[in-house]
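Asker: Dropping a structure here in structure tokens format, bear with me for questions.
Rule-based calculations on the coordinates, nothing more; no lab input. All values reported here derive from a predicted model rather than from experimental measurement. Every residue, glycine as well, gets a Cβ built from its backbone with ideal geometry; the counts of neighbours run over all protein chains shown.
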Ligand code: RTP
Ligand code: MG
């Protein structure tokens, strides 16, 4: 079993598709082991996206991800990291296939509805950041 950190980003929450996304995760057979609606502070957002600190879109990404409430989830299952990223689709929604979350609900590369950890190593770091008390 593997765990991954999923975020329903502020655009997903404000558009009212939280239930739709959770439903897709559950229908796929992945299990939700923690879930929380919260607004990120700037420090947490910067730490979460620290791998992108040198990228030109970093400041704008931090501003976006802190712009309103998001839903953070820990999702568990067989190859959960890969399984969720397949559900999410490509980073740029234009390249995300129909049937994926981004392919069905997004058009812009920044406001792309969801985050999913990109490796089991990142998942461990991100889960500790969002849910330090989770066993
Ligand atoms: P995420 O980390 O959110 O799951 O997305 P990802 O792995 O598919 O993509 P990543 O390369 O890690 O990028 C993180 C987030 O930054 C925003 N982004 N903006 N050119 C741009 O303006 C740009 N590129 C990426 C997106 O919100 C992306 O999900
Ligand atoms: Mg990423």
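Asker: For residue 15 and residue 86, compute 0.36 nm times the residue count separating them, minus their Cα-Cα distance, and round to one decimal in nm.
Answerer: Gain on extension, residue 15 to residue 86, equals 23.4 nm.
Asker: Also, quick follow-up: For residue 129 and residue 32, what is the calculated FRET efficiency with R₀ set at 25 Å and r taken between the beta-carbons, to the nearest 0.05?
Answerer: 0.90
Asker: On to the next question. Work out the P(r) tail for the stretch 2-130: percent of alpha carbon pairs separated by more than 23 Å, whole number.
Answerer: 24
Asker: Could you work out the helix-only [θ] at 222 nm for the chain, with each DSSP H run of four or more residues adding -39,500 (n - 2.57) and the total divided by the number of residues, to the nearest 500 deg cm²/dmol?
Answerer: -11000 deg cm²/dmol
Asker: For residue 42 and residue 54, calculate 0.36 nm times their separation in residues minus their Cα-Cα distance, and state this gained length in nm to one decimal.
Answerer: 2.7 nm
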